[in-house]
1. Answer with yes or no whether residue A:302 is open to solvent by less than 20 Å² (accessible area, probe 1.4 Å) and more than 20 Å from residue A:120 (Cα to Cα).
2. So, in segment B:140-157, of the ones that are crowded, with 18+ Cβ neighbours inside 10 Å and in a loop (DSSP other than H, G, I, E, B), which residue ends up farthest from the other protein chains (Cβ to nearest Cβ)?
3. Please go through segment A:100-109 and pick out each residue that is open to solvent by 20 Å² or more (accessible area, probe 1.4 Å), touching a residue at least 12 places away in the same chain (Cβ under 8 Å) and either more than 7 Å from chain B (Cβ to nearest Cβ) or part of a loop (DSSP other than H, G, I, E, B) (or both).
4. Whether any residue in segment A:301-317 is closer than 30 Å to residue B:75 by Cα, within 13 Å of chain B (Cβ to nearest Cβ) and not hydroxyl-bearing (Ser, Thr, Tyr) is what I want to check.
5. Can you confirm whether residue A:122 is touching a helix residue (DSSP H, G or I) at 6+ places or on another chain (Cβ under 6 Å), farther than 21 Å from residue A:233 by Cα and within 14 Å of chain B (Cβ to nearest Cβ)?
6. Regarding segment B:468-487, can at least one residue be identified that is hydrophobic (A, V, I, L, M, F, W, C), in contact with a Lys or Arg (Cβ under 8 Å, 6 or more places away or on another chain) and under 19 Å from residue B:52 (Cβ atoms)?
7. I'm trying to understand the selection: among the residues of segment A:62-85, which are facing another protein chain (nearest Cβ under 7 Å) and either part of a loop (DSSP other than H, G, I, E, B) or within 23 Å of residue B:426 (Cβ to Cβ) (or both)?
8. So how many residues does segment B:365-424 have that are part of a loop (DSSP other than H, G, I, E, B) and within 19 Å of the chain's Cα centre (by Cα)?
Amino acid sequence: MSLPRLASLLFILVLLLTACTPASPATPEAPTAALPEPTAAPTEVAATETVDPSISGKLVIYSGRSEPLIQPVIDAFKTEYPEVEVLLKAGSNSEIANALIEEQANTQADLFITTELFTVQSLSQQGIFQPYRPAAADQLPAEFVDPNNNWIGLTLRARVIMYNTDLVAPEDLPTSIFDLTDPKWKGKIAAAGSTNGSMQAQIAAMRQLLGEEETEAWLQGLLDNDVTFFGGHTDVRKAVGTGEFALGLVNHYYYHLQLDEGSKVGVIYPDQGDGQLGLITNATAVAVVKGAQNVSAAQAFVDFLVSEQGQKIFAEQNYEYPLLPGVPLHEGVQPLESFRLADVNIAEAALDSDATFDLMEKLELP
Amino acid sequence: MNRSDAPMPPALVSPLQRLRAASNRLTTRSASPTLLAGLAGLVALFLVVPLVYIFLRAVGADGEAWQRLLQARLWKLLGNTLLLMLAVTGGALVTGASMAWLTERSDLPGRKYFRWMFALPLAIPAYIGGIVHLALLRPRGGMLPRLLENLLGQPVYTPSPLGFWGAAFILILFTFPYVYLLSGAAFRSQHASLEEAARMLGYRPLRTFFSVTLPAMRPGLLAGALLVALDILAEYGTVALLRYETFSSAIFVQLSGRYDRSAAAVLSGVLVGLAVIILWAELRSQGQARFTQMESSWRPAPTIRLGKWRIPALLVAAGVTFTSLLVPVGVLATWSIQAVLDPDTLRSVLHSGSMGFSNFAWNSLWTSFLAALLAITLSVPVALFSVRHPSRISRFIARVCQVGYAIPGVVIALSLVLLVNRTLPFLYATPFIVVIAYVLRHMPQAVRASEAALNQVSPTLEEAARVSGRTPVQALLQVTFPLILPGLLAGGALVFLTSLKELPATLLLRPAGFDTLAVRVWMWANDGFYVQAAPAALFLVLISAVPLSFLLRREQIFK
């Protein structure tokens, strides 16, 4: 083989390699006018703690929440704590949970962020977390703070039905998730599949509220109705937005995100009638991992997530329901107080997580 | 059946083989191979440990896991996987061989360009091709159905890229180049005399083709088919994307399901068993491929005039190139432009995850580069031992080093997670575990390249160096090494290319904050952000094209 050619290939490679060398880490996020010390704020509430300059180093976050939904709050945290290097690994809840269990003797993560409470509850029972109670915990509703302080709730999301307004007439709208098994919607519904945490949580909640049989019948009804199951909700919302499907079973904020893109979509908060199930909600949560390398940064991050500033980001950028009282909802988000909520016992449902997986597997839910 | 049983017709024994046989007689006497044997053995051990481990896990899984899987999933998965494998292998064979015939044997217009066009899809990972075709063709939501609906005013049926047919279609598009290259070389090297003899016997052209031309290509076609089959067993991204469940994707689902790894281990064990069978067939066919080697009396077979079939043939060739190369690259380029023009998207492209674009591009490059370097270095003792000291043991070791082909990325990852976390915790969750996975998976390519390179160098050269007073090591470094270097680099380029494209093992093994281009593309596309994913995907395809074109220039049909 001609050596000049080899040499030129190597040269190109070297060029590529050097061209792609990461920008020197010496330029972290233009110091944004060294944000004024929060203590100087004239508010009487000491909700926002003083930024401790000694907090630095790597902070490893495992997130069951998809990256676009967690990135804004990480960015905001980094402007507060420029010395902390945040390393994120996002995946599905149970995939990450499996990693945490596997790594128990060789802990890698400092923090775990999840899309639903069953996983944190279950992991907390297995001793994966260490307790931490941020000052703001007292202000959160008690049911969203673990009694042992192993995890703390962040935001609430409602399971809703979004629809394409071009494809569904107002009088035809479903009012219950059980309407989704009506043959008139055959092939017109999209949902997230069995690997999605919110879907798993919905099934776990329904098993607790309705029992195994009715839940199975509902899922079988969805399957018989040729519901298309996607890997995640972004696919679902986009498919409903473009009119590929008439209805989508999603978390409420996916409707708002799609509306933001200019699609003709509407939303139904289902099961509000007498004798009906009520609206199924679930909370996102955060927990500090036992054996975390950087506990101080992890705790600072938890503080930030439940602070007014952190909660505002979830409300404003993600359209979620913040758990910290007094943080306003994004305009257009219907307050949860106006709905009847399904009453799920999280701790109890979490004990039963294997049965939920068994059910999904038995029905071969995609 | 064993090829050593069947006496080879003397005319077909190549001069090279005779040379090799002679040289073997020489060298087995000379150097003591103990050190070499030890090194080669260590390499083989390193490669085989994860496989054995996952096998033991599968066998040791409690009966309940086996029973649950046997009842519900195992047979369906087996059926799904085999069906896809057969369909894709068949499709790739037909497409690859017919395109090779068109460029090598017919007077297809522009065949010089088509040669490149048919080989370049190897730079496009199948899942990226799948992402593009999915966005284009998705029923109702895809760009094409919507365009047609707007033009014609009513919904038009378009074929769906989802499910079995979609997965088969996409995988054929991006695996047929393997068959194309191998059968192209076989068409090239065919004896004109074979077909001439058939024609003199009064065979019509078509009959000549099916009874002489095609059978003579059997080894090349078989080798291509088996490579494709192994590829399909290991494929994760495409089948997951197009929602067709095979073993690889089911293992992934198991890993993100219940808190129990035994089901994943069981599925992995079955998958590896399946792959080992195919690998065994592949290794046998490797040996037989030498029947196509050229002789000194070789004359190229004559070009066949297409006549009135020129235009249809041209259209078919253009269609294949269009769907497998131009559409993916064109769509990615369009999306990339969109991404760059939109400030919000651009920001999320350049600054996403824990790091920015340059960071994960750099990660892709250095891990693949290191993997290539390691694989080639490790392959040298194995190749030296098996080529220079042929024996039952050295042959066994060389075979064992092919085992990576039989361990799909997801299985390697599962095995490494369990194994490394328990035995070498300091390596766990570092980028080096990703590199190790690449080496394990792609080592066979390096070993084959090194063996091929060494086979080309006559050991008499080393002998001469020894006679003139060099030590065996000096002879190796000063004489052999410079001669095999291009071959080693080709092996390295191949490992580099396949590591760049690797997805499932990287997804499972990467430490927090460590993304590669392939992972990034996958994460974005999985969330439906195709435009964000496009620049990374395009960049991945472009840098893959660099080692690929280097490799292609070494191929017979590009000389």
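The values are calculated or read from the model by the stated rules, or taken from the named source; none is laboratory data. Source: prediction; values computed, not measured. Here the Cβ is made from the backbone with ideal geometry for all residues, glycine too, and neighbour counts use every protein chain on show. Each accessible area value is taken on the protein alone, full model and side chains, heavy atoms only, with ligands, DNA and RNA left out. Shrake-Rupley method; radii C 1.70, N 1.55, O 1.52, S 1.80 Å.
1. Details: open to solvent by less than 20 Å² (accessible area, probe 1.4 Å): yes; more than 20 Å from residue A:120 (Cα to Cα): no.
Criteria not met by residue A:302.
2. B:142
3. Start the filter on segment A:100-109 by keeping residues that are open to solvent by 20 Å² or more (accessible area, probe 1.4 Å), which leaves A:101-102, A:104-108.
Restricting the remaining residues to those that are touching a residue at least 12 places away in the same chain (Cβ under 8 Å) gives A:101, A:104, A:107-108.
Matches in segment A:100-109: A:104, A:107, A:108.
4. In the first step, residues of segment A:301-317 are kept if they are closer than 30 Å to residue B:75 by Cα; the result is none.
No, segment A:301-317 contains no residue that is closer than 30 Å to residue B:75 by Cα, within 13 Å of chain B (Cβ to nearest Cβ) and not hydroxyl-bearing (Ser, Thr, Tyr).
5. Numbers: touching a helix residue (DSSP H, G or I) at 6+ places or on another chain (Cβ under 6 Å): yes; farther than 21 Å from residue A:233 by Cα: yes; within 14 Å of chain B (Cβ to nearest Cβ): yes.
Answer is yes for this residue.
6. No, every residue in segment B:468-487 fails to be hydrophobic (A, V, I, L, M, F, W, C), in contact with a Lys or Arg (Cβ under 8 Å, 6 or more places away or on another chain) and under 19 Å from residue B:52 (Cβ atoms).
7. Answer for segment A:62-85, where residues must be facing another protein chain (nearest Cβ under 7 Å) and either part of a loop (DSSP other than H, G, I, E, B) or within 23 Å of residue B:426 (Cβ to Cβ) (or both): A:62, A:66.
8. Residues of segment B:365-424 that are part of a loop (DSSP other than H, G, I, E, B), as a first pass: B:389-391, B:401-402, B:407-408, B:424.
So of that shortlist, the ones also within 19 Å of the chain's Cα centre (by Cα) come out as B:401-402, B:407-408.
Total satisfying the criteria: 4.
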